[in-house]
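Trainee: Quick one: the structure is below, and I'll ask about it shortly.
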Amino acid sequence: MPTLPPIATTIVLLCLSNVFMTFAWYGHLKNLAHKPWLVAALVSWGIALFEYLLQVPANRIGHSVMSVGQLKILQEVITLSVFVPFTMFYLKERLSLDYLWAGLCLLGAVYFMFRGKPPGG
């Protein structure tokens, strides 16, 4: 079975991790709004465990080929990429141009963190 390059593996794991993270952070607003906050917090912790089971290896693999700053910016881009569809389709909130502007700012951050140097350089 062929293995993915470290950057691709990192991206896949961070995407999956972000799905769990987004549900842990915001899913309770829809599903557990009528429950006490402590119940929501404990359920969120349970979901967050799966986030960390993916995020920790993702960052370890990614750090073998990227700097911590590059990993952080990659994480933020993935977070927004997962959060926007979650907000629209799961929470049924309207998309605004502010998401576009935030995305453009993140593209600028990607440029500055990855310019002129290979990942990990």
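The values are calculated or read from the model by the stated rules, or taken from the named source; none is laboratory data. Every value quoted in this text rests on a predicted model; they were computed, and no experiment measured them. We place every Cβ from the backbone using ideal geometry, glycine too, and count neighbours over all the protein chains shown.
Trainee: Give me a count of the residues in segment 68-98 that are more than 27 Å from residue 56 (Cα to Cα) and either assigned to a loop (DSSP other than H, G, I, E, B) or of a type in the set (Phe, Trp, Tyr) (or both).
Mentor: Within segment 68-98, the first condition is being more than 27 Å from residue 56 (Cα to Cα), and the residues that meet it are 88-89, 91-98.
Next, only the ones that are either assigned to a loop (DSSP other than H, G, I, E, B) or of a type in the set (Phe, Trp, Tyr) (or both) stay: 89, 91-96.
Going through segment 68-98 one residue at a time, the tally reaches 7.
Trainee: Related question: Is it the case that some residue within segment 68-81 is of a type in the set (Lys, Arg) and either exposed (fewer than 12 other Cβ atoms within 10 Å of the Cβ) or touching a Lys or Arg at 6+ places or on another chain (Cβ under 9 Å) (or both)?
Mentor: no
Trainee: Please verify whether residue 47 is in contact (Cβ under 8 Å) with a residue 24 or more places away in the chain and either within 23 Å of residue 112 (Cβ to Cβ) or not aliphatic (A, V, I, L, M) (or both), treating the condition exactly as stated. Talk me through it step by step, then tell me what you get.
Mentor: Working: in contact (Cβ under 8 Å) with a residue 24 or more places away in the chain: yes; either within 23 Å of residue 112 (Cβ to Cβ) or not aliphatic (A, V, I, L, M) (or both): no.
Answer is no for this residue.
Trainee: Further question: For segment 63-83, what are the residues that are within 13 Å of residue 15 (Cα to Cα) and in contact with a Leu (Cβ under 8 Å, 6 or more places away or on another chain)?
Mentor: Matches in segment 63-83: 74, 75, 76, 77, 78, 80.
Trainee: I would also like to ask the following. Tell me, yes or no, whether segment 5-12 has at least one residue that is of a type outside the set (Gly, Ala, Ser), out of contact with any helix residue (DSSP H, G or I) (no Cβ under 8 Å at 6 or more places or on another chain), farther than 21 Å from residue 59 by Cα and surrounded by fewer than 17 Cβ atoms within 10 Å (Cβ to Cβ).
Mentor: Checking segment 5-12: not a single residue is of a type outside the set (Gly, Ala, Ser), out of contact with any helix residue (DSSP H, G or I) (no Cβ under 8 Å at 6 or more places or on another chain), farther than 21 Å from residue 59 by Cα and surrounded by fewer than 17 Cβ atoms within 10 Å (Cβ to Cβ).
Trainee: OK, next. Assess whether residue 65 counts as being closer than 29 Å to residue 4 by Cβ, outside any helix (DSSP H, G or I) and among the β-branched types (Val, Ile, Thr).
Mentor: Criteria met by residue 65.
Let's see how each residue does on (1) over 15 Å from the mean Cα position of the chain (by Cα); (2) at pLDDT 95 or above:
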site	(1), (2)
35	yes, yes
61	yes, yes
72	no, no
76	no, no
95	yes, no
108	yes, no
113	yes, no
116	yes, no
119	yes, no
